[in-house]
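The values are calculated or read from the model by the stated rules, or taken from the named source; none is laboratory data. Quick caveat, the model's predicted, so the values are computed rather than measured. Positions of Cβ are backbone-derived with ideal geometry, glycine not excepted, and every protein chain shown enters the neighbour counts.
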Amino acid sequence: MSIVKKRLSPELSRAAALQAARELLIEAGPQAVTLKAVAGRIGRTHANLLHHFGSALGLQKALAELMAETITAKIGAAVMKTRAEHGDPRVVVDLTFDAFDTEGAGALASWMILSGNDDALDPILNAIHDLVEDLAVDNEDGLIRQETLSLVLAALGDSLLGGPMASALGLPRDTAREIAAEQLRHSVAHRRAEGE
């Protein structure tokens, strides 16, 4: 991202900082998401970012909230499309695994937990809860909650240890994704059969 030189509105300055924080997260991991690094990337001062976020924890929490909103919106749309077209749930699995892996949500969540900032996960947990509430149909509420728990924990674990574990077991890298997809396919097929 190029350094921002001109004066920005508070909203645009905050958005630029969050974009830079997300880029740093993906490029170098959660430990790189500091007020100093973000300020340097967008040509602002440390004080400017303190004004917007209050602390590094505030920045990380705002980043988690932004990521949770965008990721759950994308996954929610994929679930609705998969339902409408009777598509393969692997699309939903891939989006979830990508969110935790290549988009950095797994690393950020783990970093916050290990740093003792458990409450910074609230935006992620709330966004997932809201998505499940939106997706629940008829009497499927409990089943969707179980599927979500299983999928999120598998994606988080895979983002942290999936590569080395698959390698140690002599399995293809995407084995955890395929296991999660097969479980979700089975669950969806069972629901469809009961609905007929």
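Overview of values
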quantity	calculated
Selected residue [within 19 Å of A64 (Cα to Cα) and touching a helix residue (DSSP H, G or I) at 6+ places or on another chain (Cβ under 6 Å)] from S115, S159	S159
So L66, is it of a type in the set (A, V, I, L, M, F, W, C), in contact with a helix residue (DSSP H, G or I) (Cβ under 7 Å, 6 or more places away or on another chain) and modelled with pLDDT of 90 or more	yes
Subset of the range 27-50 (residues that are surrounded by 14 or more Cβ atoms within 10 Å (Cβ to Cβ), among the hydrophobic types (A, V, I, L, M, F, W, C) and either in contact with a strand residue (DSSP E or B) (Cβ under 7 Å, 6 or more places away or on another chain) or not in a loop (DSSP other than H, G, I, E, B) (or both))	A32, L35, A37, V38, A39, I42, L49, L50
Inter-residue pairs, beta-carbon under 9 Å, first not assigned by TED's automatic domain parsing to the domain that holds T70 and of a type outside the set (S, T, Y) and in the range 95-106, second in a helix (DSSP H, G or I) and buried (at least 23 other Cβ atoms within 10 Å of the Cβ), 6+ apart	none
Matching helices (runs of 4 or more DSSP H) fully within the range 91-196 where at least 2 residues are surrounded by fewer than 14 Cβ atoms within 10 Å (Cβ to Cβ) and modelled with pLDDT under 95	105-114, 122-135, 141-157, 175-195
